[in-house]
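The numbers here are math on the coordinates, done by the rules we state, and not lab data. Because the structure is predicted, anything quoted here is derived from the model rather than measured. Because the Cβ atoms are built from the backbone with ideal geometry, glycine has one as well, and the counts that use them run over all protein chains shown.
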């Protein structure tokens, strides 16, 4: 029983981490709590379904196209909404509320266009292979999900550490003003971040859609809550932290669902979150930045 | 007068909820006035609603006593969680209060006495229109007096610059806790009124979406004064009803209105100076 649960937890946790990565990137670089990230996730899911249904794309190509679509959506949100708010130096509450507006608009648009009922990938799209090790069953799709999430995260992590763009992004995360003074194209990198974050959210949407084979207009809402929990646990804006916290939350949720009750999964996650905020507001792996007189 | 009776029969619930949400909006305005971004008020409203409904249903308390309890119960909770939580600032406080709200919702969802996901049914409909008007009026009067008092000025100082305020000798912690607890009282009473106006409550009404909705009302209306939050609550409660003819697309409109107001009316819809300028009265916006 336990190895099976661990495997489920790994699948769920790696998608949480992937979702939270875009979320934390937006907060770290742009300083915005992007509450439309769940809706972008949902759009990614529908986009993949659309490409499979209408253009009969293979799954990997549908995933890439969905990432492009949701990336462009993220970019659009930044250019149309977040940039004007940045320009007038709005307090951090304001962009958050604007992104709530985006989330409402997108999920009602999806509801209007596709209807509220659950949509599924057509039969034969999702590989049905299954491996058995002892008494543990592994679906091929689960291996794919874990592999893709971890690969995307590894690429991003290396890019941020090793490349010039990554260094520039980290400089912006420290202070956009000094980064601009150093000759870094801050606005350009803001747009790039919004694109990457959107693409990551969309990828997570496709993977969750494949894992559960269920796509609905409101699927972004619960994962948005999880994403918030993950970025707090991992420390807001902390990439490595969100990876660890995502996996951790996946484990906590699967274990408490398996051994307590199905509802308690969320209670454990948020109760833990609340306690951690009281003890270590900067997250499990973060450091506290406090202004003193 | 028959049309009036019909009108009232159809729309009384809607009018009641405008009043209730105006009260909740004021409770968030109060915490924002002290520089606290708290998302716990939907949970406080829920605690008030459930405590009052249970006291009515199971203990048979009179309505006024139930309303007092609806204010005091969340105040007690706010006092307990406020002391550790209010050390956090800005976004971290928002996230902590959000997590607290989720915990409350999940607890309500899982308890036996609260009826779980089905909620509570058959709550006596004791709330009358004048109850809401009177309590709202009292709250507005009290808050307006407070704004011009020593406490109100201390709130403003803390909101503008916490460190500077503490150097001026203001007890920042105590003032923040006061704003937080008083906000919880207002939200709790609103919850009690709401429970006894709608006959039925369920945990779904007091979750994350509601916390965000309430915050949205305040920002939409304008956080500069007391009128803005109430105007925001009124418009955003009415908007989904007015847009009924758009069917499933009304959410799109709802979301777009929110985005446009945030983008183009940074001080909210209710901005007295701009409105006066619109009618050619008073000084133009400079």
Legend entry - C-alpha center-to-center spacing [the stretch A:213-268, the stretch A:45-74] in angstrom: 24
Legend entry - Net lengthening on full extension, residue B:79/residue B:200 (0.36 nm per residue, minus Cα-Cα): 40.8 nm
Inset, instruction - Determine, from the Cβ-Cβ distance of residue A:259 and residue A:180 and an R0 of 45 Å, the FRET efficiency 1/(1 + (r/R0)^6), rounded to the nearest 0.05. - result: 0.30
Legend entry - Rg over Rh, two decimals, chain A (C-alpha only, Kirkwood Rh): 0.97
Inset, instruction - Report relative contact order for the stretch A:122-176 in percent, whole number only (criteria: Cα-Cα under 8 Å, sequence separation at least 6). - result: 17
Inset, instruction - Could you tell me what fraction of 2.2 N^0.38 Å the Cα radius of gyration of the stretch B:138-286 comes to, as a two-decimal ratio? - result: 1.24
Inset, instruction - Assuming R0 = 51 Å, can you tell me the calculated FRET efficiency for the pair residue A:76 and residue B:173, based on Cβ-Cβ distance, to the nearest 0.05? - result: 0.75
Legend entry - Along principal axes, Cα extents of the protein assembly as shown, largest first, whole Å: 68, 58, 47
Inset, instruction - Can you tell me the relative contact order of chain B? Whole percent, Cα pairs under 8 Å, sequence separation 6 or more. - result: 33
Legend entry - Order of A:121, A:157 - criterion: other Cβ atoms within 10 Å of each residue's Cβ, fewest first: A:157, A:121
Legend entry - Extension gain, residue B:277 back to residue B:256 (0.36 nm per residue minus Cα-Cα distance, nm): 5.0 nm
Inset, instruction - Could you give me the percent of Cα pairs per 5 Å distance bin for chain B, shortest bin first, beginning at zero and ending with the bin that holds the maximum distance? - result: 1, 6, 11, 16, 18, 17, 14, 9, 5, 2, 1, 0, 0
Legend entry - Acute angle (nearest 10 degrees) that the helix A:37-54 long axis makes with the longest principal axis of chain A, alpha-carbon atoms: 50
Inset, instruction - Rounded to the nearest 500, what is the 222 nm mean residue ellipticity of the protein assembly as shown from helices alone, with -39500 (n - 2.57) per DSSP H run of 4+ residues and division by all residues? - result: -24000 deg cm²/dmol
Legend entry - 13 Å reach of a label modelled at residue A:113, 7 Å along Cα-to-Cβ, counting backbone N of the stretch A:186-230: A:217
Legend entry - Tensor-based shape of the stretch B:157-202 (alpha-carbon gyration tensor, a/c under 1.5 rounded, otherwise prolate or oblate): prolate
Legend entry - Projected label distance in nm at residue B:161 and residue A:151, using a 7 Å step from Cα toward the beta-carbon: 5.4
Inset, instruction - Enter the Cα centre distance for the pair the stretch A:166-211 and the stretch B:1-52, rounded to the nearest angstrom. - result: 39
